[in-house]
Amino acid sequence: MDKFKILKTLGKGSFGIVYKVIRKEDNKVYALKQVTATKDNLNEVRLLASLEHPNIIKFLEAFPFKNRGDRVTKISIIMEYATRGDLSKVIKRHVASKVPLREKRIWKYISQISSALSFLHKHGILHRDLKPANCFLGKNDTIKLGDMNISKVMKYNKFARTKIGTPYYMSPEVWNNIPYNEKCDVWSVGCMSYELAALKVPFTGYSAVELLRKINLGHR
């Protein structure tokens, strides 16, 4: 951490803490994500290090944090900093102003998300948590897909079973504990496309049971 100066906290949650930082040696701004040293978070480091695509957050480096017993307890991941926030903030601004997004802009976002997703799937990787908050915006309104900590590398012609993701964007297969593949990510893109156009999620419910029922029936 001595190489970086923390400017502000960008986010905090069960995933850890994300800071906006400046690297002292080049005076450039980056995002520093500090997480607990778990199997999932080590998986994110390995995935990010192996991926290079214009619409995926770029990985720079990672280093461990050791406690007094010389045990690694946390990992700091240095990533590209998306200067313009994320799609969830874009949607909230348009909801507040009651002004819909232009169709051309929606197609630009979906095209870039689809390009990043196609790249992941070709490398046998499921994202599994596609949602507006994980679609960051860089220069020129460019989508940068991030938060890969629950992504899964699939073996050829195999299916995943773990129920994981964000409820509003989870496919029926994931909800119903049915083995799933890359189509679960495609479902999530469809949900985001609807939300960008309508400024609301396609399925809502007062409980998880009601939300699942509506998703299964295809009713809003």
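A short reminder: the numbers here are calculations on the coordinates, not readings from a lab. In this text the structure is predicted, and so the values were computed from the model without any measurement. Here the Cβ positions follow ideal geometry from the backbone for every residue, glycine too, while neighbour counts run over all protein chains shown.
Structure summary
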| item | result |
| --- | --- |
| Charge sum, other residues only, whose C-beta stays under 15 Å from Ile106's C-beta, Lys/Arg counted +1 and Asp/Glu -1 | +3 |
| Binned Cα-Cα distances of the chain, short to long, each 5 Å bin given as a whole percent | 1, 6, 13, 17, 18, 17, 13, 8, 4, 2, 1, 0 |
| Simple spin-label estimate for Asp2 and Asn27 in nanometres, 7 Å along Cα-Cβ | 2.3 nm |
| FRET E, pair Ala197, Asn43, Förster distance 30 Å, beta-carbon r, rounded to 0.05 | 0.35 |
| Potential lengthening between His123 and Thr36 on full extension [0.36 nm per residue; Cα-Cα distance subtracted] | 28.7 nm |
| Net length gained if the chain between Arg93 and Thr204 were fully extended (0.36 nm per residue, minus Cα distance) | 37.9 nm |
| Alpha-carbon spread of the stretch 1-47, three principal axes, descending order, Å | 32, 21, 16 |
